[in-house]
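Just so you know, all these numbers are worked out from the coordinates, no wet-lab data involved. All values reported here derive from a predicted model rather than from experimental measurement. Neighbour counts run over all protein chains shown; Cβ positions are idealised from the backbone, glycine included.
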Amino acid sequence: MISDLRPRLNLASHPLRNRRLYRTAFGGLVIFFLLLGGGAGRLWIRSAAQSRADEKMAAELELKIQAADKDRAEKANQSEAMKKKNGDLFTEVNGVINRKNFSWVDFFARIEEALPPNCSITSIKPLQLSGTRLQASFKVLTPGLPALLKLLENLDARNFKNVSMTNEISGGGRLICEIGLIYDGPR
C-alpha cells in the first residue's frame, strides 16, 4: 500500500495532465465560436432581408420618379400648347393687370398740383398705357398765355416728360389748349 501512495517522479514517461481542464477549455471555445457563427449568420440573414426590402423600395421610388417626370413633361407640353393657342389672350390679360396696377390717383393728383388757380381740365385722353408709363393728352381751359406757360412749367417740374402743346384755340378771352405728355409713374 505504501507503493501506491508514492508520487511519480518521472514526468517524461507519465506527464501530469488535467484532461478535464483541456476538454472544458476546448468545449468552451467551440461553443463560443458556434454562438459567434450563429450571431453572424443571424445578422447576415437580417441584412440580406433588409437589402431586398431596400432594393424593392428603390425600384418603387424609381417608378414614382419616372411617373413624376412624365407628368411634369406632359404639364410643360400642355403649358406650351396653351401659350401658343392663347398667346393673344395672355397678352391681353397681362395688359389688363398692368392697367389695374397703374395709379390713376397719383396721376390726377400730380396734374391737379400742376394746374394754376384759374385753369381747368376739360377732357383727358389716355393714348397708351404700358406698365406704370402713360402717354396722354388733355384739353385745358386757361384765362390767358401766362397761365398756360405756368401750367407747362409746373408739368415739367413734376417729372412729366415730353410735355408739348399740340393745339390752341382762343375764344371768349380764354385759351383752350391740347397738351400731350408722358407720365412714368410715381418716383
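Of the residues Arg133, Arg20, Arg158, the one that moves most in a GNM of the chain with alpha-carbon contacts below 10 Å is Arg20. Think of the chain as a dipole: +1 on every Lys or Arg Cβ, -1 on every Asp or Glu Cβ, centred on the Cα centre; then among Gln66, Gly28, Cys119, Gly28 lies furthest on the positive end.
Approximating the spin labels as points 7 Å out from Cα along Cα→Cβ, the Arg42-to-Ile121 distance works out to 8.9 nm. Work out, in µm²/s and without decimals, the Stokes-Einstein translational diffusion coefficient of the stretch 24-131 at 10 °C, 1.306 mPa s, Rh from Kirkwood over C-alpha pairs. Diffusion coefficient, whole number: 70 µm²/s. In the P(r) worked out for the chain, what percent of Cα pairs fall beyond 20 Å? Above the 20 Å cut-off, the chain has 76 percent of its Cα pairs. In a fully extended conformation the segment linking Thr166 and Lys70 would gain 28.6 nm over its present Cα-Cα distance, using 0.36 nm per residue. Simple point charges give the picture: +1 on the Cβ of Lys and Arg, -1 on the Cβ of Asp and Glu, and for the chain a dipole about the Cα centre of about 1960 debye. Build a GNM of the chain with springs between Cα atoms under 10 Å apart, and of Asn154, Asn18, Asn94 the one that fluctuates most is Asn18.
Let me test this: with uniform point scatterers at the alpha carbons of the stretch 103-183, what is the Debye-based log₁₀ I(q)/I(0) at q = 0.21 1/Å? Normalising to I(0) and taking log10 leaves -0.93. Convex hull volume of the Cα atoms of the stretch 21-85, normalised per residue: 41 Å³. Comparing Ile111, Ile65, Ile45 in a Gaussian network model of the chain (Cα springs below 10 Å), the most mobile by mean-square fluctuation is Ile45. Mean residue ellipticity, 222 nm, helices only, the chain: the sum of -39500 (n - 2.57) across DSSP H runs of n ≥ 4, divided by residue count and rounded to 500, is -20000 deg cm²/dmol. In this Cβ point-charge picture (+1 for Lys and Arg, -1 for Asp and Glu), the stretch 21-85 has a dipole of about 120 debye about its Cα centre.
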